[in-house]
């Protein structure tokens, strides 16, 4: 009687897949059994993973691995979760190559796409996956392609190691190099400029590619830009064509407050999920969709993959709507939730995905369809019906969510005024004041409780605000926004309390 064959030895390793905007752990198992030679991958693997079999075969030949006359089965567990992405290549190849050896890589998450020559490549999915895993796994250890290592090492609370080839990855575990390597890098080394406030480090860009010194005159508009940047307040510019609306807003991103490493990483993860492979940078995002853009492209969507839209990609940065009234009515009305709650929810049959949307909303518009209503040199050709139709495209609820309104005239002055460097120095002063007060959010993004706690008015300012509330019929939202703007003005002036002067300037930026 023949002896029963021993059960095949099953080896384990760890990887992960993106389930919309959240990473889920995937256990990768391998087994060799006596059967007709073959290589199969099971566990709801998509086409990019199924195709990895050919890449893995070629890559393993580069390390002189001989496939045994056995059936190789790779299982991706849990089997009811759909997995996708070519970053599973490296972990599968490692399990196959080390099947008969007494070494383990189960304490590591392994990511990387393989080239036919065994070279380990990065993919856009790796960074958002690891960032998401870091929020749920303590003492996370990851092996990644070396070309993405510097970016991964900026994620707090993880230990990351990089390899360039499959052979290097094999030696990494065989020689236990992780016991001798210390790959920790400090975030300060990645960026040139930083400051530390109450033990937390913030980063800002070293240069100003677009300078406010190029904007001639427009003293009031530039003052509004400074206040808007200091507190991340939403702003609307209205004026005739050529007066400098778009020019000013495009320079706004360069004077915005510094960011923490967490904010930089989150923004970059959103871009990676949208397959935009950007290097880490302290420069805040700037997104400017065209007015003909569809609602899904701006707010996100898709039937099978609910991708982030322009609103999520502008997180921690600027979302600029040029020709504001020309956007579709559905897009304009859908702005209410992200501007108020700082998040956007994409609901589909299979899922509901929420993205954070704490951005500075900037918009520019002409005063009328022809653009010459405020012009001193050109005659307006619009009828009253055209004017009313144009103005009514922007509803009152949307206008109530815009903190600051500035009307820009045709400028004749050749004076350059403040440069971006000078304006950023003032923004930095206001930013330090906000953080030293203990604010988690900047002035423009504070909730109602934080507004009441940090926006302290003196007696004269309190009386002035009450009079303005009664005279102009200010809504509760408008009342809160005026307090926040006044707080930013006081911070720029270096004042602890909000005075009447600060409050009156804040009121001057409300559209009547």
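The values are calculated or read from the model by the stated rules, or taken from the named source; none is laboratory data. What you see is a predicted model; the values in this text were computed from it and never measured. We place every Cβ from the backbone using ideal geometry, glycine too, and count neighbours over all the protein chains shown.
Taking segment 412-449 as the range and being closer than 20 Å to residue 206 by Cβ and touching a strand residue (DSSP E or B) at 6+ places or on another chain (Cβ under 7 Å) as the test, only 432 passes.
Of all residues in segment 355-371, those satisfying the criterion of being within 30 Å of residue 259 (Cα to Cα) and touching a residue at least 60 places away in the same chain (Cβ under 8 Å) are 355, 356, 358, 359, 360, 361, 362, 363, 364, 365. Residues in segment 103-114 that are farther than 16 Å from residue 14 by Cα and touching a strand residue (DSSP E or B) at 6+ places or on another chain (Cβ under 6 Å): there are none. Restricting the search to strands (runs of 3 or more DSSP E) fully inside segment 1-85 and requiring at least 2 residues that are within 21 Å of residue 108 (Cα to Cα) gives 11-19, 22-33, 71-77.
With respect to the conditions (1) modelled with pLDDT under 90; (2) surrounded by fewer than 19 Cβ atoms within 10 Å (Cβ to Cβ), residue 395 falls short on a single one, namely (1).
Within the span defined as segment 411-431, one or more residues are surrounded by fewer than 13 Cβ atoms within 10 Å (Cβ to Cβ), out of contact with any helix residue (DSSP H, G or I) (no Cβ under 6 Å at 6 or more places or on another chain) and within 22 Å of residue 257 (Cα to Cα).
Among the residues of segment 253-279, the ones that are closer than 22 Å to residue 298 by Cβ, within 12 Å of the chain's Cα centre (by Cα) and outside any helix (DSSP H, G or I) come to 3 in all.
Per this entry, residue 208 is not counted among residues that are closer than 30 Å to residue 406 by Cβ and modelled with pLDDT of 95 or more.
Annotation note: Cβ proximity below 9 Å between a residue of segment 269-298 that is in the same structural domain as residue 133 (by TED's automatic domain parsing) and a residue that is at pLDDT 90 or above (sequence gap 6+ or interchain) occurs for no pair. Tell me, please, whether a residue that is crowded, with 19+ Cβ neighbours inside 10 Å, within 15 Å of the chain's Cα centre (by Cα) and over 27 Å from residue 134 (Cα atoms) can be found in segment 294-317. Taking every residue of segment 294-317 in turn, at least one turns out to be crowded, with 19+ Cβ neighbours inside 10 Å, within 15 Å of the chain's Cα centre (by Cα) and over 27 Å from residue 134 (Cα atoms). Of the residues screened, residue 490 is one that is buried (at least 23 other Cβ atoms within 10 Å of the Cβ), over 27 Å from the mean Cα position of the chain (by Cα), more than 19 Å from residue 406 (Cα to Cα) and not assigned by TED's automatic domain parsing to the domain that holds residue 230.
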